[in-house]
1. Under 11 Å from the 7 Å Cα→Cβ point of D32, by amide nitrogen: which residues of the range 62-87?
2. Taking 30 Å as R0, compute the FRET efficiency from the Cβ-Cβ separation of E180 and N298 and round it to 0.05.
3. Once Rh for the range 220-310 is found with the Kirkwood sum over Cα pairs, what is the Stokes-Einstein diffusion coefficient at 25 °C and 0.890 mPa s, in µm²/s?
4. Given R₀ = 35 Å, what would the calculated FRET efficiency be for Y256 paired with K196, taking r from the Cβ atoms and rounding to 0.05?
5. Residues of the range 202-253: accessible area per residue at 1.4 Å, in Å²?
6. Got a sec? What order do R21, R150 fall in by accessible area at 1.4 Å, biggest, i.e. largest, first?
7. What does the charge count around Y5 come to, taking other residues whose C-beta lies under 13 Å from its C-beta (Lys +1, Arg +1, Asp -1, Glu -1)?
8. So with the 1.4 Å probe, I'd like the accessible area per residue for the range 13-112, rounded to whole Å².
Amino acid sequence: MTKKYNVAIVGATGAVGEQLRYLLAHSKIPYDQVRLLASKRSAGQELTVGAKMYKVEELTKDSFKNIDIAFFSAGGERSLEFAPIAVKAGAIVVDNTSAFRMDENTPLVVPEVNPEALDSHKGLIANPNCSTIQMVMALQPIYEAFGLKRVIVSTYQAVSGAGARAVEEMKNQFRCLLNEEPIEVPHILPTGGDKKHYQMAFNVLAQIDKFQDNHYTFEEMKMTNETKKIMGLPNLPVSATCVRVPVIKGHSESVYIEVEKEDVTIEAIQKVLAQAPNVLVQDDILEQIYPQPIQAVNRKETFVGRIRKDLDVKTGFHLWVVSDNLWKGAAYNSIEIAEAMIQRGLI
């Protein structure tokens, strides 16, 4: 008889929580009870998982009794406070915030890249940053085939990465501007906790999260440090510039790499990527085929195209990488982690 698991979703009413509810119902996780957890103001709402309706409960220290798997997506502070409580109660926690990603005792996992890291878990697994996930999905098969000497990435990140309220703020700005009306004072982007906020509609913001002392943003440092940890390459040079663009869903990245082997061809990289799990190559310049965020929405794959050799560096290549930031970049990767743990007999 197949074992069934009791599952909790912390942050069930948020943008990622919504996708977790949908993907759980379509996953390989044999679940029994589902507990939807959120803040006190959201308690009492009724939400669906599959065909069944559940009432949202307030997140408390007693929320994890008899829970086997807990997905967290309610912000770093909530994770820091409640994830250890859930682990102590016996749950396996898959955390979608940055709270534990760089903790040396916490596996940081993309199942297609480093599933073996799950074997050393201590009850808590970190889900990487959305922009990091799709990049390492493309980098890992290239590294295994040709080696990797350097990575430079510029991202074009969707507004949904900043949450549902940021999307609504941008939509309202578009409505006002298209009707030639003044917009309200922005309150969210580029990041809610910083001093200034800027218009997103018809604009591009070269800031995601707060600036650090080294002049990079926290988002950029997340990409740098997480890539090295996931791939097990602490000395790999990685540099990122993270930019918010007026797209609702789907992150895009321009990735420059230098491989170790010489005489690598575009066709060789295309072949390696085409054979990688959950990577889809869209790269036909004669037919103008290349990845687009609107085509990646509600898709589990990471899309790669515009593969071309650098004109000056013999071992340099450029890639265009696109993925749904709320699916593979967040909820789907979390679900995959739990599925992989079940498959490996870790739950």
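The values are calculated or read from the model by the stated rules, or taken from the named source; none is laboratory data. All of these numbers come straight from a predicted model, not from anything done at the bench. Please note: Cβ atoms are built from the backbone with ideal geometry, for glycine as well, and neighbour counts cover all protein chains shown. When the accessible area is computed, the model is the full protein with side chains, heavy atoms only, and any ligands, DNA or RNA have been set aside. Shrake-Rupley method; radii C 1.70, N 1.55, O 1.52, S 1.80 Å.
1. 66-68
2. On the way: r = 33 Å, r/R0 = 1.12.
After rounding, the FRET efficiency stands at 0.35.
3. In µm²/s, the coefficient is 162.
4. Numbers: r = 30 Å, r/R0 = 0.87.
So the FRET efficiency works out to roughly 0.70.
5. Numbers: 2350 Å² over 52 residues.
Computed with neighbouring chains in place, this is 45 Å² per residue.
6. Numbers: R21 30, R150 105 Å².
Largest accessible area first, the list is R150, R21.
7. Values: positive: K3, K4, K28, R35; negative: D32, D68, E339.
Taking every Cβ under 13 Å from that of Y5, the sum is +1.
8. Working: 4960 Å² over 100 residues.
With the other protein chains kept in place, the range 13-112 gives 50 Å² per residue.
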